[in-house]
1. Name every residue in segment 242-271 that is open to solvent by 30 Å² or more (accessible area, probe 1.4 Å) and among the basic types (Lys, Arg), in order of residue number.
2. Kindly evaluate ALA466 against the criterion of being part of a loop (DSSP other than H, G, I, E, B), small (Gly, Ala, Ser) and closer than 20 Å to PRO600 by Cβ.
3. Can you find even one residue in segment 409-432 that is within 23 Å of the chain's Cα centre (by Cα), at pLDDT 95 or above, open to solvent by less than 10 Å² (accessible area, probe 1.4 Å) and within 10 Å of the ligand (Cβ to nearest atom)?
4. Between a residue in segment 385-405 that is farther than 18 Å from ALA268 by Cα and any residue that is within 10 Å of the ligand (Cβ to nearest atom) and of a type in the set (A, V, I, L, M, F, W, C), which pairs come within a Cβ distance under 6 Å, given they are 6 or more apart or on different chains?
5. Please state which of the following conditions VAL379 fails to meet, knowing it meets all the rest: (1) touching a strand residue (DSSP E or B) at 6+ places or on another chain (Cβ under 7 Å); (2) under 24 Å from ILE323 (Cα atoms).
6. Can you name the residue in segment 582-610 that is away from the ligand (no atom under 14 Å from the Cβ), open to solvent by less than 10 Å² (accessible area, probe 1.4 Å) and not β-branched (Val, Ile, Thr) and is also farthest from PRO179 (Cα to Cα) among such residues?
7. Output the residues belonging to segment 111-143 that are outside any loop (DSSP other than H, G, I, E, B) and open to solvent by 20 Å² or more (accessible area, probe 1.4 Å).
Amino acid sequence: MCGIVGYIGKRDSVPLIVEGLRRLEYRGYDSAGVAVLAGDRVFIAKKAGKVADLQAMLDTGPVSGTLGIGHTRWATHGEPTDVNAHPHTDCNGTIVVIHNGVIENFRALKTTLMRDGHTFTSETDTEVVAHLIEEIRKEVSDLGEAVRLALLQLEGTYGLVVMSAENPEMFVAARKGSPLVIGYGEGENIVASDASAIVEHTRTVTYLEDGQMAIVRRDGVSIRTLDDAEIPKAVEHISFDVEQIEKGGFDHFMLKEISEQPETIRNAMRGRLLVERGEVVLGGLQPVRDKLFDAQRIILIGCGTSWHAGLVGEYMLEQIAKIPTEVEYASEFRYRNPLLGPRDVVFLISQSGETADTLAALREAKKRGATVLGIVNVVGSTIARESEAGVYIHAGPEIGVASTKAFTSQLTVLSLITLLLARGRGMAAQDAVVLTRELDAIPAKVKSILENAARIREIAREFKDADHFLYLGRGANFPVALEGALKLKEISYIHAEGYPAAEMKHGPIALIDERMPVVFIAPKDAIYDKVVSNIQEVKARKGRIIAIANEDDQDIESMAEFVIRVPRTYGFFGPILNVVPLQLLSYFIAVARGTNVDQPRNLAKSVTVE
Ligand code: F6R
């Protein structure tokens, strides 16, 4: 959610931190701030608004220093104002804190600290941490130790960084529930909430684990547990390039990511799909192969778009692999007291691998004895590390807040898992080859849909002023309707609902009049005729129909006002194709309405708080 950068070294920290914040801005963007040690005092600049507003503020009063920390905020406690922006300080501006997460016991701590004479300036939970460290430092002068003792009193979640005007040689970083990664350089070290703020400086990193803190100096980093035991550093390498987190000539990250899908879908199957043998190899699931093949039930868990991917997965797994499958919202699952046993296999689906609810669901499922596996994009993320095994979707960094390429890669991986299980449960090789060949053809078919973007842009212009949209689909395309509606509301702020097409008669049909755009996902599959009946029902009530239909469907033109063509495919791979025009439709409508496509209001890329 919020973005964190901390630097100590020989360079001026300010431009490096601001550039890092710019790269992290997709995580949270309602305010931003920096703190720099300039001489023997800490200089702070912070502001509600974007990193560009902070940059403009810094341009008017330049400051420099080789130790600094910075933050982009997504408000949890207190409105996005200048005062509530991070960094926050103790009473006299010596101890400075930036924080991602929620301190659940901040009210109790604040009451005690105020009674002890501390003066608070913001409404945030974070400020309490600075005052708590100030209080502890009355007895314990060592900064690292004072931070450790403060952390022991905090309830809730944090990824935080603390610096002090009295300690020009170090800062402290700590993690519980919110990711932090430490990058190692020559005579300099950087901490950030994700690797995209670090990759242009170094690719050698350590991902802090929950319950760990780091003392970061120019010439080295020591990592300790909160019990004060020093532990060896687990050093890893960042696997992506800086180009992957640039817009690369596109107007928006979202359009770049939509356009990348032929490649990202291919990457999800690369080395895993043995087309002519009708086989799938998923090395990441090898350690749990027996448990997977012995599973009595599969449970797919995620949030938002990842949950939609799970809904499609349910159709695939039940129909093709013939295994009972359920899909759960992570946020509901964790509080539902779910019945789980050792023969249940739970897949956690998450682009970021850091979503708080999905992570909590993982831990709950693990506690109850199920096998927990990840379908994750971000390599080294918490869900990936805490899963027993899993499959990376290899979509590369997704920066646009609205998820696009991750969705189609999640569907691709779910298709692979389905095929793996289907073969393991007796599907004949010649039947499987039909499916593996079709999956192999999907990237080229996505490419052909993208070539039709101009037509979708025209349709978007026609509907840019609509107040509402309905998306209808059946079978595995019902989740696609949900995803189409979610994309539209996220970035264009148009109210949109997705429904199973036949359910329309049970309520939403009351909404239909000559101003209601209705998007039908209507491929020529086994239930095409049923969808056509639903189209007729909308047409009879003068709804404005946009149909996603196959290239060889001649009848649709007479029923729909607008038709967007997609190639034919085998039914259960259809969602991978059908969602692409819906992504483009939302994108072009949002652009036509002039919204901030990559950073829509109120949203954050990775929801690391409950
Ligand atoms: C929608 C979107 C969100 C995420 C959801 C889960 O465009 O991006 O709905 O899908 O917050 O995030 P991950 O997949 O990172 O767990």
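1. LYS247, ARG266, ARG270
2. yes
3. yes
4. GLY400/MET254; VAL401/LEU603; ALA402/MET254; ALA402/ILE491
5. It is condition (2) that VAL379 fails.
6. Checked segment 582-610; the qualifying residue farthest from PRO179 (Cα to Cα) is LEU585.
7. Step one: list which residues in segment 111-143 are outside any loop (DSSP other than H, G, I, E, B), which gives 111-115, 127-136, 143.
Once the filter is applied, which keeps residues that are outside any loop (DSSP other than H, G, I, E, B) and open to solvent by 20 Å² or more (accessible area, probe 1.4 Å), segment 111-143 yields THR111, THR112, MET114, ARG115, GLU134, GLU135, ILE136.
Condition check ((1) aromatic (Phe, Trp, Tyr); (2) away from the ligand (no atom under 16 Å from the Cβ); (3) open to solvent by less than 20 Å² (accessible area, probe 1.4 Å)) across all residues:
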{"site": "ASN452", "(1), (2), (3)": "no, yes, no"}
{"site": "ARG457", "(1), (2), (3)": "no, yes, no"}
{"site": "LYS464", "(1), (2), (3)": "no, yes, no"}
{"site": "HIS468", "(1), (2), (3)": "no, yes, no"}
{"site": "TYR471", "(1), (2), (3)": "yes, no, yes"}
{"site": "ARG474", "(1), (2), (3)": "no, yes, no"}
{"site": "PHE478", "(1), (2), (3)": "yes, yes, no"}
{"site": "LYS489", "(1), (2), (3)": "no, no, no"}
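The values are calculated or read from the model by the stated rules, or taken from the named source; none is laboratory data. Please read these numbers as outputs of a predicted model, since none were measured by experiment. Cβ: placed from backbone, ideal geometry, glycine included. Neighbour counts: every protein chain shown. We work out accessible area using only protein heavy atoms, side chains counted, and drop any ligands, DNA or RNA first. Shrake-Rupley method; radii C 1.70, N 1.55, O 1.52, S 1.80 Å.
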